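First, the structure itself, so that you have it in front of you.
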Amino acid sequence: MKQYRIIISGGGTGGHIFPAISIANTIRKRFPDAEILFVGAEDRMEMEKVPAAGYQIVGLPVSGFDRAHLFNNIKVLNRLRKSLGMAKKTIREFHPDIAVGVGGYASGPTLWMAASQGIPTLIQEQNSYAGVTNKLLAKKASKICVAYDGMEKFFPAEKIVVTGNPVRQDLEEALDKKEEALSFFGLSPEKRTILVAGGSLGARTINRSIQGDLDKLFASDVQVIWQTGRYYYNEATKHLKAYRGMPVWCSDFITRMDYAYSAADLIISRAGASSISELCLLKKPVILVPSPNVAEDHQTKNALALVNKDAAIMVADKDAEQELVTKALEVVHDDERLALMSRNIEKLAHHHSADQIVDEIIKIIEQKTI
């Protein structure tokens, strides 16, 4: 069996790092002798999550541009210059057969230096609206794996392969475990369940929307699984002190996200590409609240790709504190609307995405060695 050497670069958020780990796990499962090295940004989530998944990672000092304070970008450019040098050194020492970029700050310098040294590259673009970095990297990429149709407006059509976004492998296995999932959270099978998930760090607007309408939620005979995220947990628990005995499970982080999805009748979520891919696979009705704090407003574009097919509902961040809970309560008690959204979102699902991406990776490597 051939011993492939593969660099996987990117991260920054769970939405980028979990698909990257899923790709790595698929490579390891199919090719146990493969050597995999991650390259990430040294102060981001991947520096913790990748070693925990059993992989080696090199951290670069790269960071994003500060659009609000342009003078700060002198430091950003210095970090980028240093990161390019470190990426070049890493590639020379590791001798990869291919470099794979999944988005995030580190993908830019890593894939740029790989291509400049004659190493083939593959981009995994997760969003429906491609960012500036991936559009630049696409010029030298061998293949571009995408999750949405119509990406020819950003990339050369002949390089595009529609694969979808890889998701955590445990999620689909829990679909038929609703009773077990509700028991895990101490909730009742007799009530409708709303899952509020703002990501591992949290989403301020979503949390404030829930906090401001707790009376309305509990008067409507629903129960709530509430993931506040690390930054907002203390504030949320202060608000919940007045609601002791109410059917709510609240934590900063959900260790069993498979159970959370399985238990939920309706989900409230940001519109990150990875989360949307999970929801499509799981056929879950969702209200999306796109984050306004992302490059080129790509979460709104992700959400609209579903809304335009009646596969999700969108509430703008600026309107959420006034409208989100009211809309959620309206939908969670509407069996017909839930069923329609479930059917439509399922149509957008891509199964076995990680396997398809690994197929493309191996094809590129084999073509290079011919």
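The values are calculated or read from the model by the stated rules, or taken from the named source; none is laboratory data. Bear in mind the structure is a predicted one, so any value in this text is a computation, not a measurement. As a convention, Cβ positions derive from the backbone with ideal geometry for all residues, glycine included, and neighbour counts pool all protein chains shown. Areas reflect the complete protein model, heavy atoms only, side chains present, ligands, DNA and RNA absent. Shrake-Rupley method; radii C 1.70, N 1.55, O 1.52, S 1.80 Å.
Are there any pairs with C-beta distances below 6 angstrom linking a residue in the stretch 258-274 that is farther than 20 Å from PRO290 by Cα to a residue that is acidic (Asp, Glu), with the two at least 6 apart or on different chains, and if so which?
Once the first residue is farther than 20 Å from PRO290 by Cα and sits in the stretch 258-274, its partners that are acidic (Asp, Glu) give ASP258/ASP170.
If the requirement is being among the polar types (S, T, N, Q) and open to solvent by 90 Å² or more (accessible area, probe 1.4 Å), which of these qualifies: GLN356, GLN367?
Going through GLN356, GLN367 in turn, the sole match is GLN367.
Please give the strands (runs of 3 or more DSSP E) falling wholly within the stretch 138-247 in which 1 or more residues are more than 30 Å from LYS368 (Cα to Cα).
Per the criteria, 192-197, 222-227.
Just to be sure I understand, how many residues within the stretch 166-187 are under 21 Å from SER22 (Cβ atoms) and in contact with a Pro (Cβ under 8 Å, 6 or more places away or on another chain)?
2
Let me ask something additional. I'm trying to understand the selection: among the residues of the stretch 280-311, which are surrounded by fewer than 24 Cβ atoms within 10 Å (Cβ to Cβ) and assigned to a helix (DSSP H, G or I)?
LEU281, LEU282, ALA295, GLU296, ASP297, HIS298, THR300, LYS301, LEU304, ALA305, LEU306, VAL307
Yes or no: the stretch 109-116 includes at least one residue that is assigned to a loop (DSSP other than H, G, I, E, B) and either within 24 Å of VAL146 (Cβ to Cβ) or open to solvent by less than 70 Å² (accessible area, probe 1.4 Å) (or both).
no
Out of curiosity, is PRO96 closer than 27 Å to LYS159 by Cβ, open to solvent by less than 10 Å² (accessible area, probe 1.4 Å) and in a loop (DSSP other than H, G, I, E, B)?
Yes, satisfied.
Among all residue pairs at least 6 apart or on different chains, which show Cβ distances below 7 Å where the first residue, located in the stretch 90-115, is more than 21 Å from GLU366 (Cα to Cα) and the second is open to solvent by 20 Å² or more (accessible area, probe 1.4 Å) and hydroxyl-bearing (Ser, Thr, Tyr)?
TYR105/SER63; SER107/THR133; GLY108/THR133
If you don't mind, another one. List pairs: first in the stretch 225-250 and in contact (Cβ under 8 Å) with a residue 60 or more places away in the chain, second open to solvent by less than 60 Å² (accessible area, probe 1.4 Å) and not in a loop (DSSP other than H, G, I, E, B), Cβ under 6 Å, 6+ apart or cross-chain?
Between residues of the stretch 225-250 that are in contact (Cβ under 8 Å) with a residue 60 or more places away in the chain and residues that are open to solvent by less than 60 Å² (accessible area, probe 1.4 Å) and not in a loop (DSSP other than H, G, I, E, B), the close pairs are PRO247/GLN223; TRP249/ILE225.
Hey, could you check the stretch 234-244 for residues that are open to solvent by 80 Å² or more (accessible area, probe 1.4 Å) and not charged (D, E, K, R) and say which is nearest to the chain's Cα centre (by Cα)?
ASN234
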